[in-house]
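Student: The structure is given below, and queries will be raised subsequently.
The values are calculated or read from the model by the stated rules, or taken from the named source; none is laboratory data. Since the model is a prediction, treat every value here as computed from it, not as a measurement. Every residue, glycine as well, gets a Cβ built from its backbone with ideal geometry; the counts of neighbours run over all protein chains shown.
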Amino acid sequence: SKSKVQISVAFTTGQFKMTTTNSSYTNGELASRKDSARRLAANMAVDENLQNCQTIGIGSGRTMVFVVERIAELLKQKSWSVKCVPTSYQAKQLIREHGMPLAELEYCTAPLDWAVDGADEVDANLALIKGGGGCLLQEKIVDTAANSLVIVCDEAKISRQFGERWRAGVPIEVVPMAWALVKRQIETRFGGRAVLRESAGKMGPVVTDNGNFLIDWQFDAQQKWEQVDRELHMMPGLVETGLFIGKASAVYVGKFDGGVEKLLPPDGDAAGK
């Protein structure tokens, strides 16, 4: 595409200083820079966390391709072996394609050593919005089962507060018969718009790996997100939210200038781990 995408970010978020300011790229150039940044971040995350004989949770999405490629590369170099717990059908296929052993969470008798995943947005406190790809329920289950959660992303995902970078809203998985009820309850209680996610590949709504529907809550005001997440979980028919609060142990941020920055939670450790 010949259209230009303007990137203008000049602020400090916690430990992270956004350094790409007033740069203009074509859509193709921007996609290439994002992929390069994610690959660098994935390599660093894997290099710092991978050990022999681990059991690892593998997230979903485009960034996980780079993560799994690096894991497979190191396993071959070092003659190591690991087991991988997938968070989606896509993750399962990716693990298989790279010849790595699969493990099912229900048969894991101890916590996973670590889980690795991407994010749609990361705020100043390393709270996450996830689920743009529709795998939030299994991702949250696997991430919670791990001793630590490592996030890999590019710098365009970093913001001071939710909604600055990710405009699609908070993904919410719901039982199909309850979607309209949950939509009304969210809009009445918190404002904004809650939109049933429609499928691009078929007529009708997106159906998750678990047979549920997805609502994208496009909030119109900042919230106390931990409290909001608790209240959302009290709504009958709501299965899970894309709010991952206090989950991230580290965020590896690939920057467009070729560097990688590692961010840690403000208290030095992820809450609830």
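Student: Restricting attention to strands (runs of 3 or more DSSP E) lying wholly within segment 179-273, give those where 2 or more residues are in contact with a strand residue (DSSP E or B) (Cβ under 9 Å, 6 or more places away or on another chain) and over 19 Å from residue 129 (Cα atoms). It would help to see each step written out before you state the result.
Tutor: Values: elements: 193-196, 213-218, 238-241, 250-254, 260-263.
Answer list for segment 179-273: 260-263.
Student: Could you list, in sequence order, the residues of segment 185-242 that are among the polar types (S, T, N, Q) and closer than 25 Å to residue 126 by Cβ?
Tutor: If we filter segment 185-242 for residues that are among the polar types (S, T, N, Q), which is where we start, we get 185, 188, 199, 208, 210, 212, 218, 222-223, 227, 241.
The answer is 218, 222, 223, 227, 241.
Student: So if I check each of 254, 211, 259, which one is assigned by TED's automatic domain parsing to the domain that holds residue 153, surrounded by fewer than 17 Cβ atoms within 10 Å (Cβ to Cβ), under 28 Å from residue 64 (Cβ atoms) and under 22 Å from the mean Cα position of the chain (by Cα)? Working first, answer last.
Tutor: Working: 254 fails: surrounded by fewer than 17 Cβ atoms within 10 Å (Cβ to Cβ); 211 fails: assigned by TED's automatic domain parsing to the domain that holds residue 153.
The conditions single out 259.
Student: Name the pairs: first residue in segment 99-128 and free of Cβ contacts under 8 Å to residues at least 24 places away in the same chain, second residue among the aliphatic types (A, V, I, L, M) and in a loop (DSSP other than H, G, I, E, B), Cβ to Cβ under 8 Å, at least 6 apart or on different chains?
Tutor: Cβ pairs passing all conditions: 101/82.
Student: Restricting to segment 60-97, name every residue that is in a helix (DSSP H, G or I) and touching a helix residue (DSSP H, G or I) at 6+ places or on another chain (Cβ under 7 Å).
Tutor: Step one: filter segment 60-97 for residues in a helix (DSSP H, G or I), giving 63-78, 89-97.
63, 64, 65, 66, 67, 68, 70, 71, 74, 91, 94, 95, listed by residue number.
Student: Has segment 127-144 got at least one residue that is farther than 19 Å from residue 68 by Cα, surrounded by fewer than 17 Cβ atoms within 10 Å (Cβ to Cβ) and of a type outside the set (Gly, Ala, Ser)?
Tutor: The answer is yes, given that some residue of segment 127-144 is farther than 19 Å from residue 68 by Cα, surrounded by fewer than 17 Cβ atoms within 10 Å (Cβ to Cβ) and of a type outside the set (Gly, Ala, Ser).
Student: Take residue 172 and decide whether it is crowded, with 16+ Cβ neighbours inside 10 Å, in contact (Cβ under 8 Å) with a residue 12 or more places away in the chain and assigned to a strand (DSSP E or B).
Tutor: On the way: crowded, with 16+ Cβ neighbours inside 10 Å: yes; in contact (Cβ under 8 Å) with a residue 12 or more places away in the chain: yes; assigned to a strand (DSSP E or B): yes.
Yes.
Student: Is it true that residue 156 is surrounded by fewer than 24 Cβ atoms within 10 Å (Cβ to Cβ) and not in a loop (DSSP other than H, G, I, E, B)?
Tutor: Values: surrounded by fewer than 24 Cβ atoms within 10 Å (Cβ to Cβ): yes; not in a loop (DSSP other than H, G, I, E, B): yes.
Yes: the conditions hold for residue 156.
Student: Please indicate, with yes or no, whether at least one residue in segment 25-43 is surrounded by 17 or more Cβ atoms within 10 Å (Cβ to Cβ) and of a type in the set (S, T, N, Q).
Tutor: As a first pass, look at segment 25-43 and keep what is surrounded by 17 or more Cβ atoms within 10 Å (Cβ to Cβ): 25, 30, 33-34, 37-43.
From what's left, of a type in the set (S, T, N, Q): 43.
Yes, segment 25-43 has at least one match.
Student: Across segment 46-67, which residue is farthest from residue 94 (Cα to Cα) among those that are polar (S, T, N, Q) and in contact with a strand residue (DSSP E or B) (Cβ under 8 Å, 6 or more places away or on another chain)?
Tutor: Filtering segment 46-67 down to residues polar (S, T, N, Q) leaves 49, 51-52, 54-55, 60, 63.
Checking the rest, the ones that are also in contact with a strand residue (DSSP E or B) (Cβ under 8 Å, 6 or more places away or on another chain) come to 49, 54-55, 60, 63.
Values: 49: 20, 54: 18, 55: 16, 60: 9, 63: 12 Å.
Residue satisfying both the conditions and the ranking: 49.
Student: On the basis of being touching a strand residue (DSSP E or B) at 6+ places or on another chain (Cβ under 9 Å) and either surrounded by fewer than 23 Cβ atoms within 10 Å (Cβ to Cβ) or in the same structural domain as residue 58 (by TED's automatic domain parsing) (or both), does residue 105 make the cut? Even if it seems obvious, please write down each step before you answer.
Tutor: Working: touching a strand residue (DSSP E or B) at 6+ places or on another chain (Cβ under 9 Å): yes; either surrounded by fewer than 23 Cβ atoms within 10 Å (Cβ to Cβ) or in the same structural domain as residue 58 (by TED's automatic domain parsing) (or both): yes.
Yes.
Student: Please specify each residue of segment 75-88 satisfying the condition of being within 16 Å of residue 43 (Cα to Cα) and surrounded by fewer than 17 Cβ atoms within 10 Å (Cβ to Cβ).
Tutor: Here is the first cut: in segment 75-88, the ones within 16 Å of residue 43 (Cα to Cα) are 75-78.
Passing the criteria: 76, 77, 78.
Student: So, of the residues in segment 220-251 that are farther than 19 Å from residue 119 by Cβ and small (Gly, Ala, Ser), which turns out to be surrounded by the fewest Cβ atoms within 10 Å (Cβ to Cβ)? Even if it seems obvious, please write down each step before you answer.
Tutor: We begin by selecting, within segment 220-251, every residue farther than 19 Å from residue 119 by Cβ; these are 220-221, 224, 227, 230-231, 233-239.
This time we only want the ones that are small (Gly, Ala, Ser), so: 221, 237.
Numbers: 221: 8, 237: 16.
Step by step, filter segment 220-251, then rank; the result is 221.
Student: Give segment 53-90 a look and list any residue that's farther than 27 Å from residue 109 by Cβ and in contact (Cβ under 8 Å) with a residue 40 or more places away in the chain, or say none.
Tutor: Residues of segment 53-90 that are farther than 27 Å from residue 109 by Cβ, as a first pass: 61-63, 65-66, 69-70, 73, 76-77.
61, 62, 63, 66 - these are the residues of segment 53-90 that are farther than 27 Å from residue 109 by Cβ and in contact (Cβ under 8 Å) with a residue 40 or more places away in the chain.
Student: Does residue 118 satisfy being under 15 Å from the mean Cα position of the chain (by Cα) and at pLDDT below 95?
Tutor: Values: under 15 Å from the mean Cα position of the chain (by Cα): yes; at pLDDT below 95: no.
Considered against the rule, which asks whether it is under 15 Å from the mean Cα position of the chain (by Cα) and at pLDDT below 95, residue 118 comes out as no.
Student: Is it the case that segment 129-143 has a residue that's of a type in the set (D, E, K, R) and part of a loop (DSSP other than H, G, I, E, B)? Reasoning before the result, please.
Tutor: As a first pass, look at segment 129-143 and keep what is of a type in the set (D, E, K, R): 130, 139-140, 143.
This time we only want the ones that are part of a loop (DSSP other than H, G, I, E, B), so: 130.
Yes, segment 129-143 contains a residue that is of a type in the set (D, E, K, R) and part of a loop (DSSP other than H, G, I, E, B).
Student: Hey, does segment 17-34 have a residue that's within 19 Å of residue 120 (Cα to Cα), of a type outside the set (S, T, N, Q) and modelled with pLDDT of 95 or more?
Tutor: No, every residue in segment 17-34 fails to be within 19 Å of residue 120 (Cα to Cα), of a type outside the set (S, T, N, Q) and modelled with pLDDT of 95 or more.
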